[in-house]
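Heads up, the thing below is written out as structure tokens.
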Amino acid sequence: MGYIFQNPSIVWELLLEHLQMTFFTLVIATLVALPIALLITRFRWLNVPVLGILGILYTVPSLALIILLVPLFGLNARSVIVAMVLYTQVILVRSLVVGLQSIKPAVLEAATGMGMSAWQRWWQIQVPLILPIFLAGLRIAAIVAIAIATIGAKFGAGGLGTLLFDGIAQAGRYDKIWAGAIVVSLLAFALNAAILSLEWATSPTRRIRQSARQKRQLSQLTQT
């Protein structure tokens with residue numbers, strides 16, 4: 001902890017770099033995963049081959065995958081971010097597919113019968129229903145991205161992993177190693193808690209119970 005208090009500006013700068021890589025990864029990964037999930041939902045036969053390929057990519061060691069990407073994207077953060085996007089695809093695509101396939105066709109048919117357009121069905125019906133499941137997947141993907149971003153410091157990507165690798169290289173600077181490990185862990189816990197709270201807030205069950213409770217309270221007030 002001593003290194004953190006003695007060098008707050010350095011730790012803060014590395015933390016921002018780590019957050020930036022994680023944020024860009026999750027945004028890009030979601031934009032890639034969503035059309036893939038919609039395609040799988042429409043053509044069910046794609047489920048096994050697509051998720052199989054993504055699963056194979058997920059089994060490749062992160063260090064080896066980044067090394068394979070360096071000749072294409074260079075020894076920088078881009079190679080690391082591409083590797084992070086590839087790694088998180090199987091998690092995000094699977095969560096989106098599960099969410100989309102869990103929506104009963106009768107619900108969408110009822111929405112169509114009410115005169116909703118395809119966009120209205122998507123935004124007002126499908127998105128609220130799949131959001132908690134997607135956020136559960138996003139929470140796992142965020143932790144995976146944070147871990148790979150830490151390794152990415154070895155490839156010039158920056159981030160909190162810099163403290164770990166510098167501490168190892170500088171004849172066992174354990175203050176740097178502990179500082180990097182502690183801040184990375186705190187970041188993972190904080191991001192996990194933030195997404196978990198969003199997952200809880202968007203739960204349809206919770207909103208239904210809250211609405212029912214408010215109706216009961218309103219009914220009690222009108223009776224008195």
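Laboratory data are not the source of any read-out in this text; all were calculated from the coordinates shown. From a predicted model like this one, the values you see are computed outputs, not experimental measurements. No Cβ is skipped: glycine too gets one built from the backbone with ideal geometry, and neighbour counts run over all protein chains shown.
Data table
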| read-out | value |
| --- | --- |
| Alpha-carbon spread of the chain, three principal axes, descending order, Å | 72, 53, 23 |
| Segment Met114-Ala169, extension gain: residue separation times 0.36 nm, minus the distance between their alpha carbons | 13.3 nm |
| In range of the label at Ala190: residues from segment 152-168 whose backbone nitrogen is under 15 Å from the point 7 Å along Cα→Cβ | 159-161 |
| Tensor-based shape of segment 91-158 (alpha-carbon gyration tensor, a/c under 1.5 rounded, otherwise prolate or oblate) | prolate |
| Value of Rg/Rh across segment 70-126 [Cα atoms, Kirkwood radius] | 1.30 |
| By average C-beta atoms within 10 angstrom, highest first, the peptides 126-135, 84-93 | 84-93, 126-135 |
| Separation of the Phe24 and Leu68 label points, Cα + 7 Å toward Cβ, nm | 2.2 nm |
| Cα convex hull of segment 1-60, projected area averaged across orientations, nm² | 5.9 nm² |
| Calculated diffusion of segment 68-192, Stokes-Einstein form, Kirkwood radius summed over Cα pairs, 25 °C and 0.890 mPa s, µm²/s | 143 µm²/s |
| Residue of Val97, Val48, Val144 that the Gaussian network model of the chain assigns the largest fluctuation, springs spanning Cα pairs under 10 Å | Val48 |
| Two-site label geometry, Ile53 and Leu75: point separation in nm, points 7 Å out along Cα→Cβ | 3.2 nm |
| GNM top mover of Ala64, Ala33, Ala145 - the chain, alpha-carbon springs below 10 Å | Ala64 |
| Residue-averaged 222 nm ellipticity for the chain, from DSSP H runs of 4+ at -39500 (n - 2.57), nearest 500 | -28000 deg cm²/dmol |
| Estimated inter-spin distance, Val98 and Val127, nm [label 7 Å along Cα→Cβ] | 2.3 nm |
